[in-house]
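Novice: Have a look at the structure that comes next, please.
The values are calculated or read from the model by the stated rules, or taken from the named source; none is laboratory data. Because the structure is a prediction, the values reported are computed rather than measured. Don't worry about glycine lacking a Cβ; one is built from the backbone with ideal geometry, like all the others, and counts go over all protein chains shown. Calculation scope for accessible area: heavy atoms of the full protein, side chains included, ligands and nucleic acids excluded. Shrake-Rupley method; radii C 1.70, N 1.55, O 1.52, S 1.80 Å.
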Amino acid sequence: MKEKKETVILDDYTNWVHRFGRIGALIAILYMVFIPIAIALAYDSFPPLSAILKGGIGVMALFIPIGISEVISYTPILGSASYLTFLTGNILNLKLPCVLNALKLAKADQNTPEGDAIATVAVAASSILTMLIIALGVLLLVPLQPLFQTAFVKSATSYMLPALFGGMFLGILGPEQGSFRIKNKLLIMIVPVVIVSITVITGILISGLEGVAILLMLPIAIGIARILWKKGIVQVVTNEVKED
Amino acid sequence: MTFYEISNSKLLYGLVIIGLLYILGFAAIFLKRSYKRCVELGIDRSTVNDVIKSSLAFTLVPSIAIVIGFFSLSAVMGIPWPWWRLSVLGSVGYELMAADLASKGMSYANVAAMAEANDPQVFSVIMIVMTIGILGGFLVLLPFGKKMTTGLMAAREKKDSTWGIVMSSCFMLTLASVFLPVMIFGDAVSAATLFTSALITLLMTLLIKQFKIHWLSNFVLAVTLLLSMIASVGWQALLG
């Protein structure tokens, strides 16, 4: 029986989609790394390793674990569309809702051959359109670029991050809109917030060291989450599905 | 060559366009094969076509938000690099955070100050860092993607797997735990802009619920970003 199930899951299409996804994504990744190296070599602007480490430690400390956690969290929903989804980005704000919408329209369940195929159709169509719209944005930007060099715009762009984070954090701190929500999750934040606040107020944590702070706070948050989850204080609760 | 010259150079444009054509082809092959697969599995062509139409309609609005993010990033990082980053792998939030963290790591006050320094090596650092930093997910997806798609769902259905969901949320909660105090206690303009952003989002969410204008949901991020950035100029005049 197990052998039969394996045969059904690993048919020709499934084998093809994973092989094509892996090889295609690997080529894309190598090309992504090639671009900055080619530009740096072409314009004799290759930075010293120390500069890359100085600029990159915070980014890597933050995004590598986030990237890994996203793959672990969303791949079961995205299925074999994951290769294209993670390659084209904009997962939470675009691809994931698109897949859920497609599954609903086709009345298919994920982790079935039908669900997997229809999810890939949705992600592929969405990815192509997004790329075309951004290209259109590039064409519109060229005549508008002088506007983006004004003092007003430069001043406004200095505060892009808090301008985005205020709204974004509301979404992170509020209840999840998907199939589940995490009850009492804000309790996980109390200790890290207190520690970081003290270090900011006392001047220990200065701007630029946020990445290091995240790396230090992450095990604390996970440890606290584990204790609260084991005690049943932090719980995963299923959201009720609202019919339109 | 300066930061600005390299960031808008013909070579970078060329490399980005080649890369985008490759990704476009990759997506087109996925679309063709998965469409054929749907038909083979007995899904009506009309249903598959409806899914495509619906996906395109759904994509249109959030894509406009991405374009607005592209406009913001291109003001300091030139055109081709943000075009590449937002078309491939990235998202507006991640790219802004990555650029900001990298600029601060290199002892600049922010991305704008970093661009202002016009150092070509800094642009190379930003490109390298933004590329490597966002590749973490592929360390898991490439070797384990196939196993995960055929086996992880079953594991998540087990009773004790809710820990996986809680642990996943810890990354975003830690992100908020660090950035909120830094922005609130570190700089008055940042704090005011942060609260303005939260307030605009909250007001828009209430408006959407109250008047059932659900189409507006797709614009919340873009409108919040734009209005809060404009407000930040006012806050700089008041508090800066």
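Novice: Which residue, A:Thr85, A:Leu139, A:Thr75, has the largest displacement toward the positive end of the dipole of segment A:58-158 when charges sit on each Cβ (Lys, Arg +1; Asp, Glu -1)?
Specialist: Result: A:Leu139, furthest along the dipole toward the positive end.
Novice: While we're on this one: Towards the positive end of the charge dipole of the protein assembly as shown, with charges on Cβ (+1 Lys, Arg; -1 Asp, Glu), say which of B:Thr131, B:Thr162, A:Leu30 has the farthest Cα.
Specialist: B:Thr162
Novice: How crowded by other chains is A:38-51, given as the mean number of beta carbons from other chains within 10 Å of each beta carbon?
Specialist: 6
Novice: What does the average come to when, for each residue of peptide B:79-92, you count the partner chain Cβ atoms lying within 10 Å of its Cβ?
Specialist: If you average over the peptide's residues, the count of other-chain Cβ atoms is 6.
Novice: Within segment A:101-135, what residues put their amide N at less than 11 Å from the label point 7 Å along the Cα-to-Cβ vector of B:Arg45?
Specialist: Counting backbone N atoms under 11 Å from the label point, the list is empty.
Novice: Rounded to the nearest 100 Å², what's the accessible area chains A and B bury against each other, both chains counted, probe 1.4 Å? Before the final figure, lay out the partial values.
Specialist: Values: alone 18450 and 16590 Å², together 21200 Å².
Its buried surface, counting both partners, is about 13800 Å².
Novice: Let me ask something else. Where does chain B land at 222 nm, in deg cm²/dmol rounded to the nearest 500, when only DSSP H runs of n ≥ 4 count, each adding -39500 (n - 2.57), divided by all residues?
Specialist: Result for chain B, helices only: -28500 deg cm²/dmol.
Novice: Okay, moving on. What length, rounded to one decimal in nm, is gained on full extension from A:Lys104 through to A:Arg226, with 0.36 nm per residue of separation minus their alpha-carbon distance?
Specialist: Full extension from A:Lys104 to A:Arg226 adds 40.6 nm.
Novice: Starting from the 7 Å offset along Cα-to-Cβ, what nm value, one decimal, do you get for the label separation of B:Ile17 and A:Ile204?
Specialist: My value for the distance between the label points is 5.3 nm.
Novice: Summarise the partner chain shielding of A:214-221 as one whole number: the mean count of Cβ atoms from other chains within 10 Å of each residue's Cβ.
Specialist: Averaged over the peptide's residues, the number is 5.
Novice: What are the residues of segment B:17-46 that lose 50 Å² or more of accessible area, with a 1.4 Å probe, going from their chain alone to all protein chains?
Specialist: SASA drop of 50 Å² or more in segment B:17-46: B:Tyr22, B:Ile23, B:Leu24, B:Phe26, B:Ala27, B:Phe30, B:Leu31, B:Arg33, B:Ser34, B:Arg37, B:Leu41.
Novice: Can I ask one more? Taking only Cα atoms, what is the 0 to 90° angle, nearest 10, from helix B:92-105's long axis to the longest principal axis of chain B?
Specialist: Once rounded, one gets 40 degrees.
Novice: Right, something else. Taking all protein chains in place and a 1.4 Å probe, what share, in percent, of the accessible surface of segment A:58-158 do carbon and sulfur account for?
Specialist: 75
Novice: Once you wrap a convex hull around the alpha carbon atoms of the protein assembly as shown, what is its projected area averaged over all directions, in nm²?
Specialist: Answer in nm², one decimal: 22.8.
Novice: Rounding to the nearest 20 debye, state how big the charge dipole of chain B is about its Cα centre with +1 on each Lys and Arg Cβ and -1 on each Asp and Glu Cβ.
Specialist: On the way: 16 positive and 11 negative charges, 213 e Å.
Taking the Cα centre of chain B as origin, the dipole is about 1020 debye.
Novice: Angle between the Cα long axis of helix B:188-211 and the longest principal axis of chain B, 0 to 90 degrees, nearest 10?
Specialist: On a 0 to 90 degree scale, this one is about 40.
Novice: Could I have the simple spin-label model distance between A:Leu139 and A:Phe34, label points 7 Å from Cα toward Cβ, reported in nm to one decimal?
Specialist: My value for the distance between the label points is 2.7 nm.
Novice: Give the long-range amide H neighbours of A:Gln235: residues separated by 5 or more places, or on another chain, with amide H under 5 Å away, using H modelled in the peptide plane at 1.01 Å from N.
Specialist: Here A:Lys183 satisfy the definition.
Novice: For the protein assembly as shown, with only Lys/Arg (+1) and Asp/Glu (-1) charged at the beta-carbon, what is the dipole magnitude about the Cα centre, in debye rounded to 20?
Specialist: 960
Novice: Place a point 7 Å from Cα of A:Asp44 in the direction of its Cβ. Which residues in segment B:1-44 have their backbone N less than 20 Å from it?
Specialist: Once the point is set 7 Å along Cα→Cβ of A:Asp44, B:1-12 turn out to lie under 20 Å by backbone N, inside segment B:1-44.
Novice: Rolling a 1.4 angstrom probe over the protein heavy atoms, how many square angstrom per residue are accessible across segment B:28-108?
Specialist: For segment B:28-108, the per-residue accessible area is 31 Å².
Novice: Here's something else I'd like to know. Quantify, in whole percent, the carbon and sulfur part of the accessible surface of chain B (1.4 Å probe; protein heavy atoms only).
Specialist: Values: 6660 of 9690 Å².
Within chain B, the accessible surface is 69 percent carbon and sulfur.
Novice: Please give the charge dipole size of segment A:58-158, origin at the Cα centre, charges +1 on K and R Cβ atoms and -1 on D and E Cβ atoms. Round to the nearest 20 debye.
Specialist: About 280 debye.
Novice: State the answer as a single residue: which of B:Ile29, B:Leu41, B:Tyr13 lies farthest towards the positive end of the charge dipole of segment B:10-50, with beta carbon charges of +1 for Lys and Arg and -1 for Asp and Glu, about the Cα centre.
Specialist: Ranked along the dipole, the leading option is B:Tyr13.
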